[in-house]
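If you scroll down you'll find the structure; I have some questions about it.
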Amino acid sequence: LIEYSQITDSFFVVGDKPIVPDTLYIEKEILCYQMVMIHLSPFIHNYSFKPLEESEYEALFNLIQLVMPGYFRPKTPLMGQYFGIYDGQKLVSAAGMRIHLNHYTEVSSIVTDPEYRSRGYAAALTAHCAQIILNESKIPFLHVLTTNDTAISMYERLGFQKRRLMTFWLIKKR
């Protein structure tokens, strides 16, 4: 942990509660479900969305900070591919694919501006990302806060199932 803290001021550890040295502290414990897609349920929508380009990464970062502050860094989009829905020039919803493992790919950072919720944007983007992953013969997975009942319900309607409970520990420098 000490070596990792030399390259960043804060980071997450997944799993059992870590023992941290005096130079670090645990700021937050975050309980999430890891969900995996068993099948993609049909999802019909008429939204148009596009792959986000590097020039749009700042808007993506700002949207994610509005909805989920602290979970995303400015260079995170470089780890995968993200898609967005716009209202005029404003990015109002986004999702992407970030962690790529042998047989799995993560659907990541599924967010919608609070003023634009309940329109199906997140479901459409999640389904789009999941279909891309399935087309690569991989299994989509994601993480969701155990307290986010609305998102959990939407993911289950799309064909995701809870796989396991996971704990993320936010570690920071003193």
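Under the condition of being without any contact (Cβ under 8 Å) to a residue 24 or more places away in the chain and either open to solvent by less than 30 Å² (accessible area, probe 1.4 Å) or not hydroxyl-bearing (Ser, Thr, Tyr) (or both), which residue from the range 128-155 is nearest to Phe43 (Cα to Cα)?
Top of the filtered list is Asn135.
Among the residues of the range 81-110, write down those that are open to solvent by 60 Å² or more (accessible area, probe 1.4 Å), among the hydroxyl-bearing types (Ser, Thr, Tyr) and under 13 Å from Pro140 (Cα atoms).
Tyr104
Give me the residue from the range 62-72 that is out of contact with any helix residue (DSSP H, G or I) (no Cβ under 8 Å at 6 or more places or on another chain) and open to solvent by 40 Å² or more (accessible area, probe 1.4 Å) and, out of that set, farthest from Glu106 (Cα to Cα).
Start the filter on the range 62-72 by keeping residues that are out of contact with any helix residue (DSSP H, G or I) (no Cβ under 8 Å at 6 or more places or on another chain), which leaves 62-65, 68-70.
With open to solvent by 40 Å² or more (accessible area, probe 1.4 Å) added as a condition, the list becomes 62, 65, 68-70.
Working: Asn62: 21, Gln65: 19, Met68: 17, Pro69: 19, Gly70: 18 Å.
My answer is Asn62.
Scan the range 1-44 residue by residue and report those that are open to solvent by less than 80 Å² (accessible area, probe 1.4 Å) and over 21 Å from the mean Cα position of the chain (by Cα).
Once the filter is applied, which keeps residues that are open to solvent by less than 80 Å² (accessible area, probe 1.4 Å) and over 21 Å from the mean Cα position of the chain (by Cα), the range 1-44 yields Leu1, Ser5, Pro18, Val20, Pro21, Leu24, Tyr25, Ile26.
Quick one: in the range 45-60, of everything that is within 17 Å of the chain's Cα centre (by Cα) and open to solvent by 50 Å² or more (accessible area, probe 1.4 Å), which residue is nearest to Gln131 (Cα to Cα)?
Applying the filter and picking the extreme gives Pro51.
For residues that are in contact with a strand residue (DSSP E or B) (Cβ under 8 Å, 6 or more places away or on another chain) and β-branched (Val, Ile, Thr), tally how many sit in the range 3-56.
The number of residues fulfilling the criteria is 8.
The values are calculated or read from the model by the stated rules, or taken from the named source; none is laboratory data. Being a predicted model, the structure only gives us computed values, none of them experimental. Please note: Cβ atoms are built from the backbone with ideal geometry, for glycine as well, and neighbour counts cover all protein chains shown. All accessible areas refer to the heavy atoms of the entire protein, side chains included, with ligands and DNA or RNA removed. Shrake-Rupley method; radii C 1.70, N 1.55, O 1.52, S 1.80 Å.
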